[in-house]
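First up is the structure itself, then whatever we jot down about it.
No value in this document is a laboratory result; all are computed from the given coordinates. Keep in mind that what you see is a predicted model, and the values were worked out from it rather than measured. Using ideal geometry, Cβ is built from the backbone for each residue, glycine included, and neighbour counts are taken over all protein chains shown.
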Ligand SMILES: O=P(O)(O)OC[C@H]1O[C@H](O)[C@H](O)[C@@H](O)[C@@H]1O
């Protein structure tokens, strides 16, 4: 069901539309003019705009959603794996499935509802999915837009099987930036990381911040729960706060790799950076009946925001 804050007319707060494949999209709005667009394809947030109508997430100009492939950009949900570790498709099947609107989700704390516009989605495995990943689960996703313009994603995965299973997970968040050379990520100093460009070898971050001069594809392990992505040119900072998500993926494909990807526009690698809240190094293990929650909140603040405020 789609909900909105009682403080203003709920009929204005949401809208459902269909994309060119006939797949439903839900638009959440707040009273200040901010909006979030969510596709039932993958439960993927495909747009997040501030009160001035500026897009905060990157989507590739060539990344038109061609069902069943996820759109390049927004926030694809990587589940039940991140990467391509076993026989499952890269980053798991959740991003390529059609999710349902969940009319009767189990309650969340009132702080996750009050003053927010939100939608609850649900994914259950199909017979086909069970052939590749034989575990019955219910995946509930709440996407919400606060009055402050913050975007929050809350994932709840429940084991409804009779045997345990484990999975890895990421909110693969494509943040829109002015120019990748203007970007600096703070909060990951001294952290260990797996370098996907060096066969997942483990290294320790030496710099006092991450900056970009070539492709970066890393998984920072057991990182702090607050990360800042500073965009000097736009004079704004994305602040990511995460819970239940120990790891952080940082990815920019740079020139050569993005050119090899048919759904990346020329030089568009410049305009994005993926900074994901994730659970990868230690897969989440669930016994029958158990539930896991992974929460990511993204705020945008002026660049005068100081990393010591983290
Ligand atoms: O092309 P995709 O399957 O969406 O993956 C895009 C990227 O996702 C992650 O960041 C991986 O670490 C990268 O190695 C991969 O290239």
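Using a Förster distance of 35 angstrom, determine the FRET efficiency expected from the C-beta separation of residue 61 and residue 90, and round it to 0.05. Numbers along the way, then the final one.
Details: r = 22 Å, r/R0 = 0.63.
Between residue 61 and residue 90 the formula returns 0.95.
Considering only DSSP beta bridges whose two residues both sit in segment 221-288, what percent are antiparallel, to the nearest 5?
100 percent
What FRET efficiency do you get for residue 114 and residue 202 if R0 is 30 Å and r is their Cβ-Cβ distance, rounded to the nearest 0.05?
0.10
Based solely on its DSSP helices, what 222 nm [θ] is calculated for the chain when runs of n ≥ 4 H residues each add -39,500 (n - 2.57) and the sum is averaged over all residues, nearest 500 deg cm²/dmol? Provide the component values of the computation, followed by the final result.
Numbers: 2 runs with 13 residues, N = 310.
Using -39500 (n - 2.57) per qualifying helix, the result is -1000 deg cm²/dmol.
How long, wide and thick is segment 2-309, going by the Cα atoms along their three principal axes, in whole angstroms, largest first?
Answer, in whole Å and largest first: 47, 46, 37 Å.
How far apart, in nanometres, would the label points at residue 161 and residue 195 be if each is projected 7 angstrom from Cα along the Cα-to-Cβ direction?
Between residue 161 and residue 195, the simple spin-label model gives 3.5 nm.
Would you mind computing, in nm to one decimal, how far apart the modelled labels at residue 226 and residue 287 are, each placed 7 Å from Cα along Cα→Cβ?
Those two pseudo-labels are separated by 3.5 nm.
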